[in-house]
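Engineer: My questions will all concern the structure given below.
The values are calculated or read from the model by the stated rules, or taken from the named source; none is laboratory data. Model, not experiment: these values are computed from the prediction. Here the Cβ positions follow ideal geometry from the backbone for every residue, glycine too, while neighbour counts run over all protein chains shown.
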């Protein structure tokens, strides 16, 4: 195996952008850091984040520190990312403001301790560009408000999530999402995703817990 192989496989997600939002200053800062450290490869991920590859581990630490994140890269157990589409403000198909709701979810639920990584998708309309039915917590907009989906999963064991609320406003989404995550936290095994939990849990059990 050549000495360069480990470097080619090195992969880290950079701090920001959240929900895919970037500024010219951020992009210029990333470009400067990539040139400064000889990073050969930048990639926008499916989670709307920016990844660097082909570097040594200590390089990632330095770049994170330069970007104002002194603790360096980490993979959280909890909400892994919040994905959001442009929404009503920027898309002609948008029915609700997905970016605003994404920021509210981030402010309210991001640091909630959970059994495993948890993905959130917020789509401004029923086209579901953020694949809300395949997220642990998925939300999509209609003309009547938000629809909330719980227990979705993509990857090697896909599961379509269950609709647990319709016609919701932003505050109702936050409250119901918190109750779904509380249900998940109380019943899931260690490192068990919501989709696996719901495969072995009757939907009526979740519905009963949300009614209490």
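Engineer: Looking only at residues in the stretch 97-106 that are more than 12 Å from the chain's Cα centre (by Cα) and closer than 19 Å to residue 150 by Cα, which one is surrounded by the fewest Cβ atoms within 10 Å (Cβ to Cβ)?
Structural biologist: Restricting attention to the stretch 97-106, the residues satisfying the condition of being more than 12 Å from the chain's Cα centre (by Cα) are 97-101, 104.
Still in the running and closer than 19 Å to residue 150 by Cα: 98, 101, 104.
Numbers: 98: 31, 101: 23, 104: 17.
Ranking the candidates gives 104 first.
Engineer: Just to be sure, is residue 22 within 18 Å of the chain's Cα centre (by Cα) and in the same structural domain as residue 138 (by TED's automatic domain parsing)? Don't jump to the end; show me each part of the working.
Structural biologist: On the way: within 18 Å of the chain's Cα centre (by Cα): yes; in the same structural domain as residue 138 (by TED's automatic domain parsing): no.
For residue 22, the condition - within 18 Å of the chain's Cα centre (by Cα) and in the same structural domain as residue 138 (by TED's automatic domain parsing) - is not met.
Engineer: How many residues does the stretch 132-170 contain that are out of contact with any helix residue (DSSP H, G or I) (no Cβ under 8 Å at 6 or more places or on another chain), at pLDDT 95 or above and not in a strand (DSSP E or B)?
Structural biologist: 7
Engineer: So which of 33, 53, 60 is modelled with pLDDT of 85 or more and more than 26 Å from residue 87 (Cβ to Cβ)?
Structural biologist: Values: 53 fails: modelled with pLDDT of 85 or more; 60 fails: modelled with pLDDT of 85 or more.
Result of the check over 33, 53, 60: 33.
Engineer: Which residue, of 181, 176, is assigned by TED's automatic domain parsing to the domain that holds residue 95, in contact (Cβ under 8 Å) with a residue 12 or more places away in the chain and either touching a strand residue (DSSP E or B) at 6+ places or on another chain (Cβ under 6 Å) or assigned to a strand (DSSP E or B) (or both)? It would help to see each step written out before you state the result.
Structural biologist: Numbers: 181 fails: either touching a strand residue (DSSP E or B) at 6+ places or on another chain (Cβ under 6 Å) or assigned to a strand (DSSP E or B) (or both).
Criteria check complete, one pass: 176.
Engineer: Among the residues of the stretch 115-154 satisfying the criterion of being out of contact with any strand residue (DSSP E or B) (no Cβ under 7 Å at 6 or more places or on another chain) and touching a residue at least 60 places away in the same chain (Cβ under 8 Å), which is farthest from residue 186 (Cα to Cα)?
Structural biologist: Per the stated criteria, the residue is 116.
Engineer: Is there a residue in the stretch 107-117 that is surrounded by fewer than 16 Cβ atoms within 10 Å (Cβ to Cβ), touching a helix residue (DSSP H, G or I) at 6+ places or on another chain (Cβ under 9 Å), outside the structural domain of residue 170 (by TED's automatic domain parsing) and not in a loop (DSSP other than H, G, I, E, B)?
Structural biologist: No, every residue in the stretch 107-117 fails to be surrounded by fewer than 16 Cβ atoms within 10 Å (Cβ to Cβ), touching a helix residue (DSSP H, G or I) at 6+ places or on another chain (Cβ under 9 Å), outside the structural domain of residue 170 (by TED's automatic domain parsing) and not in a loop (DSSP other than H, G, I, E, B).
Engineer: Going by the conditions given, is residue 59 closer than 17 Å to residue 18 by Cβ, over 13 Å from the mean Cα position of the chain (by Cα) and assigned to a helix (DSSP H, G or I)?
Structural biologist: On the way: closer than 17 Å to residue 18 by Cβ: no; over 13 Å from the mean Cα position of the chain (by Cα): yes; assigned to a helix (DSSP H, G or I): yes.
Here the answer is no, as residue 59 does not meet what is asked.
Engineer: Checking the conditions here, which among 72, 94, 121 is modelled with pLDDT of 95 or more and over 16 Å from the mean Cα position of the chain (by Cα)? Even if it seems obvious, please write down each step before you answer.
Structural biologist: Working: 72 fails: modelled with pLDDT of 95 or more; 121 fails: over 16 Å from the mean Cα position of the chain (by Cα).
The match here is 94.
Engineer: Scanning the stretch 33-51 for residues that are under 28 Å from residue 119 (Cα atoms) and either touching a residue at least 40 places away in the same chain (Cβ under 8 Å) or out of contact with any helix residue (DSSP H, G or I) (no Cβ under 9 Å at 6 or more places or on another chain) (or both), which turns out surrounded by the most Cβ atoms within 10 Å (Cβ to Cβ)?
Structural biologist: 47
Engineer: Looking only at the stretch 5-28, count how many residues are loosely packed, with under 14 Cβ neighbours inside 10 Å, assigned to a helix (DSSP H, G or I) and modelled with pLDDT of 70 or more.
Structural biologist: Taking the stretch 5-28 and keeping what is loosely packed, with under 14 Cβ neighbours inside 10 Å, we get 5-6, 8-9, 23-25, 27-28.
When the remaining residues are screened for being assigned to a helix (DSSP H, G or I), the result is 5-6, 8-9, 24-25, 27-28.
Within this subset, residues satisfying the condition of being modelled with pLDDT of 70 or more are 24-25, 27-28.
So the count comes out to 4.
Engineer: Oh, and also: Go through the stretch 118-140 and give me each residue that's farther than 23 Å from residue 203 by Cα and buried (at least 24 other Cβ atoms within 10 Å of the Cβ).
Structural biologist: Listed by number, the residues that qualify are 123, 124, 130.
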